[in-house]
Each structure stands twice: as structure tokens, then as C-alpha cells.
Amino acid sequence: MAEHVRRDSQRPGVGVAVVGVIGELLITIAVVLALYAVWELYWTSYEVEAPRAATVQQFAEEHAPTSRKLGEVRTDAPPAFTQNPADGEVYGLLHIPSWNWMKTPLAEGTSEAVLNLGYAGHYDQSAQPGELGNFSVAGHRRTYGNNFRHIDKLVPGDKVVVESDDIYYVYRVESHEIVEADDPTNIRVVAPVPGDLTFSKTPTQRYMTMTTCNPEYGNSQRYIVHLIFESWTPKSTGVPAELVDEPTS
């Protein structure tokens, strides 16, 4: 009997059992969160990559320049932007040579529905390419295509080329800044004159602003790159110098 009593005294109590259940739940939650992170960071990009590449290819084929040779480099005011893209409509491409010749569809709007396709979304209240004011775009950094993943690699002097139906617009990187995502004044970065929180200043230059999340694996901040218009090239004359060596496939 003494042996039986000794064995009974070694049975785990209710508290130990509860701790065990909680431990198993925490492990399960950790596994689920890890799987979600893999899905969010990697699988979503895998899913959108082929459709995005097809969209880039389709636009390139439908709006091809006359030749891939160096075209006119013009620094006067470009023609008025006459397109009126609907929300979600792809109406151009972003070319970023320093990102291993990255090409990203340019679409109207910055909703999740647009950005989750791996597109660069145009802030609908901002200027359009080549216009006076602040042509502003947003993109995901580390999910759904990672299209702005290397934004922190852009340095002053780097070029970003915006392609429309019939024109290439070349913008030059000027500076960058990091703002808090919950700062209500961060909207100043997409003002007609960047930095003007009142949105009342009349722009006299052609700006471009790129926005995405920061840090790379988080979203507590926003990484902002400011660019200035440099030149434009009619597609009827060829391509800008920045794209002469760009791979076509």
C-alpha cells in the first residue's frame, strides 16, 4: 500500500495541467504567427510576381517607344497630362535602374486593393507625372511584391523614370526622410510643395515623392524619398539615357 500512496503523491496537480495546456496553446500561437509571417513576407510576393510581370510586359508592348536608341532629352515643360485613369487602372510604369532595373506598374489610387497587386499607387489628390506640384506614389516594402523594398538604397543623384503612354519623365533623387506612421502631420510629404502642411503654397517646380513602410520588416514609420523633375523624352524619339541599357525582358 505504501507504494501505491507514493505513486499517487507524484501525480501532477491541476495547476501543473493548466500550465501545460497554456504552454501548448502558446506554442500553437507561435507556430501560427510564424506561418502568417512567412505568408505575409514571402508567399504574397510569390503570388503577385507573375501577374505583375505580365502587367509590365503588356504595358511595355502596347506602348513601346519607336526605338531603344537614345531619344531627345528635353528640359522644357512637358505636354499637359491628359489621361484620367480610373481607380486601380494601370497607366504607366516606374523604372528604377539602380534596383537591378526594377519595373513596377503605376496605378491610380493607394488602397490595399491596388498596392496588394504589387503596384506603385498614385495618391489621387497629388500631381500627375510631369505636372507642376508633387507627383506622389506609395508601394509596399516587404510584402505583396516588395516593389519598394530597396528604397533605402536610393541616394541623391539616382534616377527614377516614369513611363506613360507616350512620354518618359526622368526624376532625380534629392533627399529622404523618415516620419512616424501615427504622426498626423506626416501628410506634409505629399503636399503640392513638399513640407507645406497647409497645402496652400503654389508649386513652381515638378516634384516626385515615394513613400513606403519603415523599417523593412515593420510599419511603425514611413520612409520618404523626395525627387525633382530633370527631363522628359518623347517615345517617338527613343528612350532617355537612363534606359538605353535596360534589359527588355
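Every number here is computed from the coordinates shown, using simple stated rules; none is lab data. Here the structure is a predicted model, which means the values were calculated and not measured. Because the Cβ atoms are built from the backbone with ideal geometry, glycine has one as well, and the counts that use them run over all protein chains shown.
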Which residues does the label zone of Glu49 cover in region 125-167, counting backbone N under 17 Å from a point 7 Å along Cα→Cβ? 140-150
Please enumerate, by chain and number, the lysines with C-alpha under 20 Å from the C-alpha of Lys159, excluding those fewer than 8 residues away in the same chain. Lys69, Lys103, Lys235
Can you tell me the length gained on complete extension of the stretch Ala241 to Thr185, counting 0.36 nm per residue apart and subtracting the Cα distance? 16.4 nm
Residue-ordered couplings for region 74-86, obtained by feeding phi - 60° into the Karplus form 6.51 cos²θ - 1.76 cosθ + 1.60 and rounding to whole Hz (Gly and Pro as x), are 10, 10, 7, 5, x, x, 4, 7, 10, 5, 9, x, 7
What does the convex hull of the Cα atoms come to per residue for region 91-249, in Å³? 107
What are the ³J(HN,Hα) values, in whole Hz, obtained from phi via the Karplus relation 6.51 cos²θ - 1.76 cosθ + 1.60 with θ = phi - 60°, for each residue of region 228-239 in sequence order, with x given for Gly and Pro? 10, 5, 10, 6, 9, 9, x, 5, 5, 10, x, 10
Can you give me the long-range amide H partners of Gly92? Hydrogens built in the peptide plane at 1.01 Å from N, cutoff under 5 Å, separation of 5 or more residues or another chain. Leu106
Let's test the formula: R0 of 41 Å, r as the Cβ-Cβ distance of Leu197 and Asp166. What FRET efficiency results, to the nearest 0.05? 0.70
Using the Karplus curve 6.51 cos²θ - 1.76 cosθ + 1.60 with θ = phi - 60°, what ³J(HN,Hα) values do you get for each residue of region 112-126, in whole Hz, with x for Gly and Pro? 4, 4, 7, 5, 6, 8, x, 9, 8, x, 8, 5, 5, 9, 9
